[in-house]
Amino acid sequence: MVENSKTLKTFMKNFDFYLFVLTLLTSGFGIVLIASATNSYENNIKFVIVQSAALAIGLLLAFIIIKLDYEYIGSYYKWIYAFNVIALVLVLFIGQGEQEWGGKSWIRIGGVGIQPSEIVKIGFIITLAKHLEMVKEDLNKFKNICLLLLHAGVLIGLILLQPDLGTAMVFVFIFMGMVFICGINYKYIFGAIGAMAAFAPIAWLFILEKYQKNRIRVFLNPESDPLNAGYHVIQSKISVGSGQIFGKGLFKGTQTQLGYLPEKHTDFIFAVIGEELGFIGSIIVLLLLVLIIWRCISTAQIAKDDFGSYICVGIASMLIFQTFENIGMCIGLTPITGLPLPFISYGGSSLMTNIAAIGLVLNVRMRRKTINF
């Protein structure tokens, strides 16, 4: 259970200050960028306060996670999975946000909004890691593959019912990364690719909402609807391109400060980086994120057991996909999905989830060696 102070002092010698400082630096940089992105908003200081509070709460959660042995956390995998399902079912009944974002993804308690699917990401990584640890030796048995698909499919299905295709894609990528590192047979990989290709027409005709189809059409040809569906990506590409090498300076971006760039503090904050800090600033932000991801992967390599390794791979997969997708949609390389840029975009639930995830990685790295007392 909770370890005594002597044990914690011993473990602190293995604390990854490098990853911790990288996370703080990136999150702090995000708060500065949010301040610039919302500079033209009335009462813009509230965005900075909310994001700063989310960072503080996230750090508190991370230290609570660090204090508990991750194996102890994993022993409650059944309860964690039950919580995941209940949270995602609950949002279908009392969730809000359909008018703003096209899906009921938020639960509001007073003036505070919580996005359950963000919190469930952590629970999903923990429970799937435990599941994979238990079936590793017989992973490629058809029965175990089906159970793993059911494990992920229930949660992904509930998220699609919101509907939130972007977040569902994150869960799919996490699942793919974790089962791949566990050693899944390539025949299942090729089978899954074939199944997705066959399922695509069905999804287009019967599952995807109208606004989701429009996002795909606009991705292929933004100029086809420049004043409506294509407006976001066109303005984002203009913003990124106008920053050139060194940018126009914080609080000085024309697109950003004059309000031409939509969702500039959330989905399209990378466009703010491109305009105000230029190519150099964009590379610095990307480098910070890559270093965080690399540290997660390096921790997976030295974890003392498979469970810890799978946790770190799941978190790395989550960060890789969200980083790639967010930057890609800002420069027109991927469809707009509404996924935030990790540690940078405004959003309390997202930031707290990412910080808590880093807490799990720190937990695994601190306990990479079995210490006897």
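What follows draws every value from the coordinates through simple rules; no lab data is involved. Given the structure is predicted, the values throughout are model-derived calculations rather than measurements. Positions of Cβ are backbone-derived with ideal geometry, glycine not excepted, and every protein chain shown enters the neighbour counts.
Please verify whether PHE47 is of a type in the set (Phe, Trp, Tyr), assigned to a helix (DSSP H, G or I) and under 18 Å from GLY259 (Cα atoms), treating the condition exactly as stated.
In short, yes.
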Subset tally (residues that are farther than 25 Å from SER350 by Cβ and buried (at least 24 other Cβ atoms within 10 Å of the Cβ)) for the stretch 236-253: 0
Could you please find all residues in the stretch 42-100 being of a type in the set (Asp, Glu) and free of Cβ contacts under 8 Å to residues at least 60 places away in the same chain? GLU42, GLU98, GLU100
Given the conditions (1) surrounded by fewer than 19 Cβ atoms within 10 Å (Cβ to Cβ); (2) in a helix (DSSP H, G or I); (3) over 24 Å from the mean Cα position of the chain (by Cα); (4) not hydrophobic (A, V, I, L, M, F, W, C), and given that SER298 satisfies all but one, which numbered condition is not satisfied? (3)
Could you tell me which residue of the stretch 169-188 is surrounded by the most Cβ atoms within 10 Å (Cβ to Cβ), considering only residues that are more than 16 Å from GLY153 (Cα to Cα) and either in contact (Cβ under 8 Å) with a residue 60 or more places away in the chain or not aromatic (Phe, Trp, Tyr) (or both)? CYS182
Name the single residue that is surrounded by the most Cβ atoms within 10 Å (Cβ to Cβ) among those in the stretch 254-284 being of a type in the set (A, V, I, L, M) and in a loop (DSSP other than H, G, I, E, B). LEU261
Checking the conditions here, which among ILE344, ILE336 is under 14 Å from the mean Cα position of the chain (by Cα), touching a residue at least 40 places away in the same chain (Cβ under 8 Å) and crowded, with 24+ Cβ neighbours inside 10 Å? ILE344
A careful count of residues in the stretch 189-229 that are in a helix (DSSP H, G or I) and in contact (Cβ under 8 Å) with a residue 24 or more places away in the chain gives 8
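In this structure, does HIS151 turn out to be part of a helix (DSSP H, G or I) and closer than 29 Å to ILE216 by Cβ?
Yes; evaluated as a whole, the condition is true for this residue.
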Of the conditions (1) more than 20 Å from the chain's Cα centre (by Cα); (2) buried (at least 16 other Cβ atoms within 10 Å of the Cβ); (3) not basic (Lys, Arg), PHE124 satisfies every one except a single condition; which number is it? (1)
Here are some conditions: (1) under 21 Å from THR334 (Cβ atoms); (2) in contact (Cβ under 8 Å) with a residue 24 or more places away in the chain; (3) in a helix (DSSP H, G or I). PRO163 meets all but one. Which one does it not meet? (3)
